[in-house]
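Here is the structure we will look at, set down as structure tokens.
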Amino acid sequence: MLETLWKIYRRADRPRPSMYKRDLPWNGPNFSERILSEHLDEGHGAASRVSNERGAQIDWLWQKLGLFKGARLFDVTCGPGLYAIKFAQRGCRVTGVDFNPAAIAYAKDLALSERLASLCTFVEQDVRELNYDGANFDAAILLYGQLDSFDRPEAVTLLRQIANSLKSGGKLCIEILNQAEVDKTDSTWWFTDEQGLWADEPFLHLGERFWYEDQQMSVERYYIIHLETGQMDEVFMCTQTYSVEDINQMMKEAGFSTVDVYPAWDKLSLYDADEWMVYVAEKR
Ligand SMILES: C[S@@+](CC[C@H](N)C(=O)[O-])C[C@H]1O[C@@H](n2cnc3c(N)ncnc32)[C@H](O)[C@@H]1O
């Protein structure tokens, strides 16, 4: 245990974002099941929003993306398919991609139990390796800030891959953090738990957050100390933020023509709506 504490003591002072894996271990063994429980927990909206908020978003997306019965919808980082299934219930043919094996297994089971399997395709894949060129989807969604977790070149590549998967005139909706609203301070915190996202046994979580003004991004570093074994995990989570001008530029580079911007989820009643910017872009 002493060795673990020395490792923390000797940690890099301000971790440079490029030095580390940037995101949560969404597809890691055990973590993937534990995060699935968080997606499905209706007591909070940490991994996926709760069902009444999703319902409001789905009505909004239906209208803004011009969806219709029979439309082909691409859900990029679909998680456990909680949105995809609802669109399938309205008659859309949905393809969902995510690299969390537990979430994809859940989405497939849900499609079967809802008798929607013929309308739903769920694929376990890293979206940085996406290739649906010429798939001619009518619309695509990339929700809950996942684009912010990639670095800028990865984000542009992903937007381009999505553009390539859409028909001409097809629409993409992305939801990312509102740069103006993001917390731009450094902070530290800690908590203990019997079990939770980080472990099935008691653990101590030590968290630090660093804001990089020059890059307009935050890096969070977590040390999780497993109290029964003394082992420690080190996890980083990077969040890149973008201005409206950045996103307009990136969308144009990726192959979209018009980009509509909706601050605060167009005033939908979501508990954290003010933190978000939603963009709807049309493929050239
Ligand atoms: C915040 S959750 C949102 C899930 C879903 N869109 C929702 O709102 O319910 C982010 C999702 O992105 C997925 N994800 C993160 N990085 C990914 C990658 N490189 N490839 C595929 N999926 C990824 C995670 O597994 C997780 O399901």
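Some points to look at:
- Some residue of segment 8-24 being of a type in the set (A, V, I, L, M, F, W, C), at pLDDT 95 or above and more than 10 Å from the ligand (Cβ to nearest atom): yes
- Looking across segment 1-49, the residues that are of a type in the set (Asp, Glu) and not in a helix (DSSP H, G or I) come down to ASP13, ASP23, ASP41, GLU42.
- Filter pass, ARG72 being within 12 Å of the ligand (Cβ to nearest atom) and assigned by TED's automatic domain parsing to the domain that holds GLU275: no
- Hits in segment 235-251 - residues which are touching a strand residue (DSSP E or B) at 6+ places or on another chain (Cβ under 6 Å), surrounded by fewer than 17 Cβ atoms within 10 Å (Cβ to Cβ) and of a type outside the set (Phe, Trp, Tyr): VAL244
- Test: residue in segment 160-177 that is closer than 18 Å to PHE236 by Cα, among the polar types (S, T, N, Q), surrounded by fewer than 19 Cβ atoms within 10 Å (Cβ to Cβ) and modelled with pLDDT of 95 or more: no
- Of all the numbered requirements in (1) under 22 Å from ASN30 (Cβ atoms); (2) within 12 Å of the ligand (Cβ to nearest atom), GLU53 misses one, and that requirement is (1).
- Pick from segment 50-100, criterion hydroxyl-bearing (Ser, Thr, Tyr) and outside any helix (DSSP H, G or I), ranking: farthest from the chain's Cα centre (by Cα): THR95
- The residue that is farthest from VAL244 (Cα to Cα), among those in segment 156-176 that are out of contact with any strand residue (DSSP E or B) (no Cβ under 7 Å at 6 or more places or on another chain) and within 12 Å of the ligand (Cβ to nearest atom), is GLN161.
- Matching option when the condition is under 26 Å from ARG10 (Cβ atoms) and without any contact (Cβ under 8 Å) to a residue 60 or more places away in the chain, among TYR212, TYR222: TYR222
- Taken as a whole, the condition of being among the β-branched types (Val, Ile, Thr) and in the same structural domain as ARG16 (by TED's automatic domain parsing) applies to VAL235.
- Selection count where residues are buried (at least 24 other Cβ atoms within 10 Å of the Cβ) and aromatic (Phe, Trp, Tyr), scope segment 58-82: 1
- Qualifying residue in segment 26-43 (condition: within 15 Å of VAL235 (Cβ to Cβ), small (Gly, Ala, Ser) and out of contact with any helix residue (DSSP H, G or I) (no Cβ under 8 Å at 6 or more places or on another chain)): yes
This table checks each residue for (1) within 15 Å of the ligand (Cβ to nearest atom); (2) free of Cβ contacts under 8 Å to residues at least 60 places away in the same chain; (3) charged (D, E, K, R).
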{"residue": "TRP60", "(1), (2), (3)": "yes, no, no"}
{"residue": "GLY96", "(1), (2), (3)": "yes, yes, no"}
{"residue": "GLU114", "(1), (2), (3)": "no, yes, yes"}
{"residue": "SER118", "(1), (2), (3)": "no, yes, no"}
{"residue": "TYR132", "(1), (2), (3)": "yes, yes, no"}
{"residue": "ASN136", "(1), (2), (3)": "no, no, no"}
{"residue": "LEU143", "(1), (2), (3)": "yes, no, no"}
{"residue": "LEU147", "(1), (2), (3)": "yes, yes, no"}
{"residue": "PRO153", "(1), (2), (3)": "yes, yes, no"}
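- Qualifying position, being surrounded by fewer than 17 Cβ atoms within 10 Å (Cβ to Cβ), within 24 Å of MET237 (Cα to Cα) and of a type in the set (D, E, K, R), among ASP148, ASP133, ASP183: ASP183
- 1 or more residues of a type in the set (Phe, Trp, Tyr) and within 30 Å of GLY55 (Cβ to Cβ): qualifying strands (runs of 3 or more DSSP E) within segment 182-284: 256-263, 276-283
The values are calculated or read from the model by the stated rules, or taken from the named source; none is laboratory data. Owing to the predicted nature of the structure, the values given are computational and were not obtained by experimental measurement. No Cβ is skipped: glycine too gets one built from the backbone with ideal geometry, and neighbour counts run over all protein chains shown.
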